[in-house]
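Below you'll find the structure, written out as C-alpha cells, and then a few comments.
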Amino acid sequence: MGVDISIDALRKFDKAAGQPVLCSVNMVSSLFRKGCADLVLANPPYNTAEQGRTSPDPFRKEAREGDSLLLYRFIFAGAHLLKPGGCMIITGRRDRSEEIECGFRAAGFYRIEKILRGRVMTMKALLKRS
C-alpha cells in the first residue's frame, strides 16, 4: 500500500513491485480498518518551510515539505493501520528526531529505537498492545 500526501507521487509507483493501493494520508482511517497491518514503513516529508533546501519543482517541493502536523498524521495513520505489537519504521532528518519520538509516544508507541547516519535517521517503534 502506498500512503502519501500527494496522489501524483503515488501514481509514480513502480508497478513491477506489485499493484499499489493509493491513499492520501488524510484518508487512511476512513478507508482502512484498524489493525490490518503488522509493519508500516514511512518516509514523511522531511523539511519544514523554515529549514531545508526547497525545490523549484512543485511536485518535489510538496513531497519534501510538511509541518509537524503532517508528520503526526503519518504517525497516527501508521498507528491506525497496525495491529497491537506491530512495528512502524520512519526515515527522516536527524534534526526532527524529537518531533518523531513525541509523535510516536502520543500515538501509543513504545520501545523506540534510533539509528543515526549523518543527517539521516531511522526510528523504529512498536505499537502498545491494547
ask   = Which of the residues belonging to the stretch 105-120 are of a type outside the set (A, V, I, L, M, F, W, C) and surrounded by fewer than 16 Cβ atoms within 10 Å (Cβ to Cβ)?
value = Arg105, Tyr110, Arg111, Glu113, Lys114, Arg117, Gly118, Arg119
ask   = Which one is nearest to Asp38 (Cα to Cα), of the residues in the stretch 105-121 that are of a type outside the set (A, V, I, L, M) and at pLDDT below 90?
value = Arg117
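The values are calculated or read from the model by the stated rules, or taken from the named source; none is laboratory data. Remember, predicted model here, so these are calculated numbers, not experimental data. Note that we place each Cβ from the backbone using ideal geometry, even for glycine, and neighbour counts take in every protein chain shown.
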